[in-house]
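Here's the structure, in structure tokens; my notes come after.
The values are calculated or read from the model by the stated rules, or taken from the named source; none is laboratory data. Every value quoted in this text rests on a predicted model; they were computed, and no experiment measured them. Methodologically, a virtual Cβ is constructed for each residue, glycine included, from the backbone with ideal geometry; neighbour enumeration extends over all protein chains shown.
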Amino acid sequence: MKKDEYKEYTNCLSDHGLYILAKRFIIQENLGFGHNHWKHKCIFEEAERRNIAIYDYAKTDSLITIECIMNKMYGATIIDLKRVDLMSEHEIKELVHSLGAAANHPFSNQDGVGTTDLAGFFGIKSENLYFGTVSGLSMKNADLNNGDRITVDTSAKPDNGDIIVALVDGDVFIKRYKLLNGDIYLESENEDYEPYRITSQTNFSIFGVVRHLIRALKN
């Protein structure tokens, strides 16, 4: 595809489509699967023309995905993190379908449910509401099992004992946040895993606080 054709292609994409394309390019480049400078430039310029936040969100989310892919942490991790206001209609519909077994959910008609509806239902602003999938069993005693869906609030500050999604030395995982004598510990909910103490040498940041568990009931 020539440059003019590619520019026209990016121009025709929806905001979500442009976000997905940007995220894919950033992931591929960071993992060493090739680099195409002019295509990347076209994507960036189109995002800049519309709203530079599209590219910024794609970059942030792609780095989280890369950290998940390259994760070496022994324990439960979070995969497939998605921000609600950048989810496709199909992804939203699948998510709403997973809420179908909950007697108190308000979406009796699953068609037409959007970002605002989900943000209101979960009580988290759309720009701070992420959905993720648990991978691993180190949090099983907190009833967080492999394959479970969760919501994450990136605006929340954790209290002692909260379950968080954290980045530690480039790894992304889910643990219980504990404060003890001024020190931070990341604890598993599985006796096979030891608490992890955060030190001054640890590259540590909190992505968000886990707020809800979403699990479809089995027939």
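Is there a residue in segment 205-215 that is assigned to a loop (DSSP other than H, G, I, E, B), surrounded by fewer than 15 Cβ atoms within 10 Å (Cβ to Cβ), outside the structural domain of Ile64 (by TED's automatic domain parsing) and small (Gly, Ala, Ser)? Within segment 205-215, not a single residue is assigned to a loop (DSSP other than H, G, I, E, B), surrounded by fewer than 15 Cβ atoms within 10 Å (Cβ to Cβ), outside the structural domain of Ile64 (by TED's automatic domain parsing) and small (Gly, Ala, Ser).
If the condition is being modelled with pLDDT of 85 or more and either of a type in the set (Asp, Glu) or over 17 Å from Gly208 (Cβ atoms) (or both), then segment 106-134 contributes only Glu127.
Got at least one residue in segment 54-72 being more than 30 Å from Tyr193 (Cβ to Cβ), more than 17 Å from the chain's Cα centre (by Cα), at pLDDT below 75 and surrounded by fewer than 17 Cβ atoms within 10 Å (Cβ to Cβ)? There is no residue in segment 54-72 that is more than 30 Å from Tyr193 (Cβ to Cβ), more than 17 Å from the chain's Cα centre (by Cα), at pLDDT below 75 and surrounded by fewer than 17 Cβ atoms within 10 Å (Cβ to Cβ). Restricting Val96, Val84, Val168 to those that are buried (at least 19 other Cβ atoms within 10 Å of the Cβ), of a type in the set (Val, Ile, Thr), modelled with pLDDT of 75 or more and not assigned by TED's automatic domain parsing to the domain that holds Asn51 reduces the list to Val84. Looking across segment 174-202, the residues that are among the β-branched types (Val, Ile, Thr) and not in a strand (DSSP E or B) come down to Thr199, Thr202.
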